[in-house]
Amino acid sequence: MPHRRRPRYSGKYPRTFEEKYKERDPERFPETFRKVLDSGKTPAGTHRPIMVEEVLAVLAPQPGEMAVDCTLGYGGHTQALLPRLLPGGKIIGLDLDPIELPATEARLRALGFGPEVFNAQRGNFAGLGPVLAKNGLGGADVIFADLGVSSMQLDDPKRGFSLKHDGPLDMRMNPGKGQPASRLLEAMSPDALAALLAENADEPHADLLGKSLAGRLFATTGPLVAAIRAALPRVGREEVDHSIRRTFQALRIAVNDEFSALDALLRQLPACLNRGGRAAILTFHSGEDRRVKRAFASGLREGVYDEIAREVIRPTAAERYANPRSAPAKLRWARGKTVRGISNRIQTSEPD
């Protein structure tokens with residue numbers, strides 16, 4: 001049989017995302033995968049769950065309890081919760097992403113978690129009440145939400161979240177719903193875009209960027225990055241890099257209507273907790289954290305929560321070093337109690 005040479009990259013260096021990141025196939029390239037982990041980075045195509053031990057400590061899952069992971073993602077937090085719910089417990093994993101959800105379900109099934117203990121469902125946590133009702137549940141003992149974007153979405157240029165690789169300027173968690181970021185930008189006025197950048201990302205150069213970017217068509221992420229740099233010629237490179245990240249964040253929040261979904265979750269949360277149930281939410285942006293903090297404090301005053309986190313919990317220095325993407329994370333929790341009539345306030349329609 002004639003010798004066949006292995007396929008080589010075109011050119012001197014790998015040109016595409018698929019060629020460059022060999023750690024996306026850890027079975028074929030285990031040394032590369034481990035090298036990326038040891039360097040404190042997240043291997044492309046995977047996600048490292050943040051503050052797992054802290055989440056487990058505040059949620060205190062017990063055997064036989066019912067749990068909901070509102071943002072299943074790669075399944076890291078669910079994987080940690082499940083053994084503590086057994087025997088007799090179960091978890092529902094919600095996620096909007098039709099691309100990542102089947103892969104995560106298959107991953108957890110391969111770890112031995114069958115449908116009797118783990119149920120993956122595509123859905124928006126804004127409709128948590130209807131999701132519980134559809135599953136014949138009056139409430140859950142443990143409810144968790146991680147509001148961060150998964151590394152699989154951030155790393156894949158096809159999703160439009162990536163700053164490193166040019167790809168379609170999309171940013172939709174569910175690519176089949178709503179409009180991509182490119183259309184949003186094209187339709188916005190300078191004042192509206194400046195307001196969005198200030199509200200969704202606390203961007204200090206919001207006015208300048210609003211005037212430079214609004215009403216323009218950016219089909220892919222690369223030209224948008226270049227346009228942001230061109231709009232801030234007198235700003236230092238590091239600060240411009242921050243503005244690029246903040247702009248992408250603000251657009252992502254708007255495209256996916258993330259604040260409205262979070263507000264809906266926070267309104268329903270007390271009614272969705274069983275007596276003594278625990279809820280925890282990981283946020284990555286000051287706008288998110290403010291909403292969670294105020295909702296929990298209001299719930300404590302109104303008597304729908306027995307106890308809430310008095311101080312925000314942050315990742316340890318060791319975790320921030322090992323996983324830099326954990327740095328902005330903030331964890332808050334609340335413990336609920338049953339209040340007469342509260343179940344009547346659960347919304348009856350489920351968002352897409």
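With respect to ALA318, determine if the residue is part of a helix (DSSP H, G or I) and crowded, with 16+ Cβ neighbours inside 10 Å. Criteria not met by ALA318.
For first residues located in segment 98-126 and part of a helix (DSSP H, G or I), partners that are among the acidic types (Asp, Glu) and modelled with pLDDT under 95 and lie 6+ apart or on another chain with Cβ distances below 7 Å form the pairs LEU101/ASP95.
Would it be correct to say that PRO223 is out of contact with any helix residue (DSSP H, G or I) (no Cβ under 9 Å at 6 or more places or on another chain), outside the structural domain of PRO63 (by TED's automatic domain parsing) and not acidic (Asp, Glu)? In short, yes.
Of all residue pairs spaced 6 or more apart or on separate chains, those with beta-carbon atoms under 7 Å, a first member in segment 77-96 that is free of Cβ contacts under 8 Å to residues at least 40 places away in the same chain and a second member that is part of a loop (DSSP other than H, G, I, E, B) and of a type in the set (Phe, Trp, Tyr) are LEU82/PHE113. In summary, GLY215 fulfils each of the numbered conditions (1) crowded, with 21+ Cβ neighbours inside 10 Å; (2) more than 20 Å from GLY148 (Cα to Cα) with the single exception of condition (1).
Of all residues in segment 179-188, those satisfying the criterion of being crowded, with 17+ Cβ neighbours inside 10 Å and either under 19 Å from the mean Cα position of the chain (by Cα) or farther than 19 Å from GLY222 by Cβ (or both) are PRO180, ALA181, MET188. Just one of the numbered conditions (1) under 17 Å from the mean Cα position of the chain (by Cα); (2) modelled with pLDDT of 95 or more is not true of HIS285: (2).
Among the residues making up segment 291-314, those that are of a type in the set (Lys, Arg), under 17 Å from GLN268 (Cα atoms) and surrounded by fewer than 13 Cβ atoms within 10 Å (Cβ to Cβ) are ARG294, ARG301.
LYS337 meets each of the listed conditions (1) at pLDDT below 95; (2) of a type outside the set (A, V, I, L, M); (3) closer than 26 Å to LEU251 by Cα apart from (3). Looking only at residues of segment 284-322 that are among the aromatic types (Phe, Trp, Tyr) and touching a helix residue (DSSP H, G or I) at 6+ places or on another chain (Cβ under 9 Å), we find that the one that is nearest to GLU258 (Cα to Cα) is PHE284. Here LYS158, LYS90 are screened, and the one residue that is out of contact with any Leu (no Cβ under 8 Å at 6 or more places or on another chain), modelled with pLDDT of 95 or more and basic (Lys, Arg) is LYS90. On the given criteria, is ASP263 surrounded by fewer than 20 Cβ atoms within 10 Å (Cβ to Cβ), on the phi > 0 side of the Ramachandran plot and within 23 Å of the chain's Cα centre (by Cα)? Against the criterion (surrounded by fewer than 20 Cβ atoms within 10 Å (Cβ to Cβ), on the phi > 0 side of the Ramachandran plot and within 23 Å of the chain's Cα centre (by Cα)), ASP263 does not qualify.
The values are calculated or read from the model by the stated rules, or taken from the named source; none is laboratory data. Just so we're clear, the structure is a prediction, and the values are computed from it rather than from any experiment. Every residue, glycine among them, receives a Cβ derived from its backbone with ideal geometry; neighbour counts consider all protein chains shown.
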